[in-house]
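The values are calculated or read from the model by the stated rules, or taken from the named source; none is laboratory data. Bear in mind that the values here come from a model prediction, so they are computed numbers and not experimental data. Cβ placement follows ideal geometry from the backbone for every residue including glycine, while neighbour counts extend to all protein chains displayed.
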Amino acid sequence: MDSSERAQLKAAFTDEEASKRRISLKRAAPLLGRSYPSVLRLKKNRQIICVQVGGQFEVTLGEIRRFLSHGNATEADWQRHESQ
């Protein structure tokens, strides 16, 4: 991910519509300040909400923002996600 791409993603954190945009867990790892294997553990332990699209998992920019500000997903977060 180059610096211009990173700047666009950071700008998207403030745009409500863009916060629905999904990116792969591999691209999300640097934004979360974690390695890709660590992000996979977050997914496995249900600490971050993501969806499977084809053969890969994706997370919304809004979920990245939520995780960075509040930490691990709660059961209530998962219930809200699954009801949408």
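Before moving on, here are some points about what is shown:
- Considering the range 34-77, and only residues there that are surrounded by fewer than 18 Cβ atoms within 10 Å (Cβ to Cβ) and hydrophobic (A, V, I, L, M, F, W, C), the residue that is nearest to Ser3 (Cα to Cα) turns out to be Leu68.
- Looking only at the range 57-73, and only at residues there that are more than 15 Å from Arg21 (Cα to Cα) and not aliphatic (A, V, I, L, M), the one that is modelled with the highest pLDDT: Phe67
- Scanning the range 10-33 for residues that are under 16 Å from Ser69 (Cβ atoms), surrounded by 14 or more Cβ atoms within 10 Å (Cβ to Cβ) and either of a type in the set (Val, Ile, Thr) or at pLDDT below 90 (or both) yields Ala12, Phe13, Ser19, Leu31, Leu32.
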